[in-house]
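Novice: Would you mind keeping the following structure in view while I ask a few things?
Derivation of every value follows stated rules applied to the coordinates shown; laboratory data play no part. Note that this is a predicted model, so its numbers are computed, not measured. Glycine gets a Cβ as well: all are built from the backbone with ideal geometry, and neighbour counts include every protein chain shown.
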Amino acid sequence: MSRLIVGPFNRVEGDLEVQLTLAEGQVAEARVVSTMYRGFEQMLPGRPAADALAIVPRICGICSVSQSVAAALALADAIGVQPPPNGRLALNLMAATENAADHLSHFYLFFLPDFTRPVYADRPWHAEALARWAPLQGRQQRAAIAARQRWFTLLGTLGGRWPHTHGVRPGGSTRAIDAAERLRLITRVRELRGFLERDLLGDTPLEPWLALADAGALAAWVDAAPDRGDLRLWWRIADDLALQRLGLSHTVMLCHGAYAQPGGGWALPRGTWRAGDAAARPFDPAAVTEDSAHAWLNAGETAARHPAQGQTLPAADKPGAYTWNKAPRLAGEVAECGAIARALVGGVPLLHDLVARDGVGATQRVLARVRELCQLVVWMEDWLRALRPGEPFHTEHAWPDQAEGCGLTEAARGALGHWLRIEQGRLAHYQIIAPTSWNFSPRDRDGRPGALEAALVGAPVRPGETTPVAVQHIVRSFDPCMVCTVH
């Protein structure tokens, strides 16, 4: 056996290192290391409760709206306030704008450039991949960057600014949308629809593509025009490299639920899913714990804790620790979250069919993210049409002296949760579990590896590789955000 340390990774938000044990040309064991500590959970206690809405978004510059929404939901739970219908729709629109941008960035800017590497120069598709997706030079890279830049102008109208949008509040949104602004927003959403239908899907409307129900229908769509659109080319590349069987998951799929509907429920339903399940199972937030046995945190802690009672105390010299990330568990089980979990919990037929055939691998994770990007655009058009200009966007409320709250939502990368307690009008406790905390968790005190650590086992390593391309594909299929992980 031999050892290999891969990192720091490029095209990853934050600092990441992966320690690999190799045997017989593949990964035998992996340890995922979050190398940075930031301490937001220690900044918040002692401050007025409303300060969370200004501080928490600064955890991350690319998913700050998701952090804002989770904080607002936790405060709303503590206060006992509900946004009006317009407020719910506005929060959904802000969160969906950011999540769609993250999905677009992940596909075009983070994942596709790996196929332009010299290691693939002998593949028949390599020249076209270079022309389309070479970093900063490929024609589709440039087109995607331009589309993303124009897309983000939505948040100037919806929330006043991005990142760190301050329009998100427990009672809804402080930024009311008038009729003229709604029309401009619909126009901008349709611009992204045009890019997706033309460039991503190769002149295919979103609705019929979203209706593809199984692997056969998807294959027929690819074969009908194999050179049209970036998704078709990527699908053929992924099939050529057998990415559908790379980085297989062996865990529970978790979705907190997202995009609350004015009539109740979520556009993306809450629940869990396991291989073989015919339908999703309920999710119990009380079953969530954090284990710090192998984290540089909480020295001397002898048991996992629910985040409502959790603590985050640095212990940089702790024996046996190798990361700043705790190990979240669901009723003691490892869980994976993200777009693939949302699709499986939500019963998307295409992803269920692909997973039944091949399991949850790199291809399925990326396709789920692309499909959700297309779905969000359709939903956003509906939500904008449902807004009622002139009606309230926010419910006024008082701040309690004593209260507890939990805010659960879905960021682009998966399940995000905030737990807080208010005493004498100030925050006395604040704990956060981010999506990458779940996916990139270390081993727990029973030695069970996290979702990525398990998915990396069996990844091929070519002779002489110091940054194995297969490892890169698997890591990026989870789309990590390390600065949220080490909040």
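Novice: Once fully extended, how much extra length lies between R190 and Q309, figured as 0.36 nm per residue of separation less the alpha-carbon to alpha-carbon distance?
Specialist: Contour length minus Cα-Cα distance gives 38.3 nm.
Novice: When the helix-only estimate is applied to the chain (DSSP H runs of n ≥ 4, each -39,500 (n - 2.57), divided by the residue count), what is the mean residue ellipticity at 222 nm, nearest 500 deg cm²/dmol?
Specialist: Estimated from H runs of four or more residues: -11000 deg cm²/dmol.
Novice: Next question, about the same structure. What fraction, in whole percent, of alpha-carbon pairs in the stretch 359-411 exceed 18 Å separation? Spell out each step's value before the answer.
Specialist: Values: 906 of 1378 pairs.
For the stretch 359-411, the fraction of Cα-Cα distances above 18 Å is 66 percent.
Novice: Please sort 132-143, 336-347 by packing, taking for each peptide the average over its residues of neighbouring beta carbons within 10 angstrom, highest first.
Specialist: Highest to lowest by the protection proxy: 336-347, 132-143.
Novice: For the stretch 348-428, which GluC sites (Glu not before Pro) are both in a DSSP coil and crowded by at most 16 other Cβ atoms within 10 Å? Display every interim value, and only then the final one.
Specialist: On the way: sites: E372, E381, E396, E404, E410, E423; in loops: E396.
In loop regions of the stretch 348-428 (DSSP not H, G, I, E or B), the sparsely surrounded GluC sites (Glu not before Pro) are E396.
Novice: May I pose another question? If packing is taken as the average number of other Cβ atoms within 10 Å across a peptide's residues, how do 315-322, 348-355 rank, most packed first?
Specialist: Working: 315-322: 12.8, 348-355: 19.9.
Order by mean packing, descending: 348-355, 315-322.
Novice: Can you give me the span-like helices of the chain, meaning DSSP H runs with 20 Å or more of Cα extent along the axis and Kyte-Doolittle mean at or above 1.0?
Specialist: In the chain, the long hydrophobic H runs are 64-79.
Novice: Sticking with this one: At 0.36 nm per residue, minus the direct Cα-Cα distance, what do D51 and T467 gain on full extension? Give it in nm, one decimal, please.
Specialist: Details: separation 416, 0.36 × 416 = 149.76 nm, distance 4.19 nm.
This chain segment gains 145.6 nm when fully extended.
Novice: Consider the candidate values [x] 12; [y] 51; [z] 29; state which one is percent of Cα pairs over 43 Å apart computed from the structure displayed.
Specialist: Derived directly from the coordinates: [x].
Novice: May I ask you to order 440-452, 280-292 by the average number of other C-beta atoms within 10 Å around their residues, highest value first? Each step should come with its number before you reach the end.
Specialist: Working: 440-452: 21.5, 280-292: 17.7.
Going from most to least packed, we get 440-452, 280-292.
Novice: Using alpha carbons only, how many angstrom separate the centre of the stretch 206-240 from the centre of the stretch 69-109?
Specialist: Using only Cα atoms to place each centre, the spacing works out to 30 Å.
Novice: Return the whole-Å distance between the Cα centroid of the stretch 129-178 and the Cα centroid of the stretch 368-385.
Specialist: 14
Novice: Please compute the length gained on full extension between A131 and D401, using 0.36 nm multiplied by the number of residues separating them and subtracting their Cα-Cα distance.
Specialist: Stretched fully, the A131-D401 segment lengthens by 91.2 nm.
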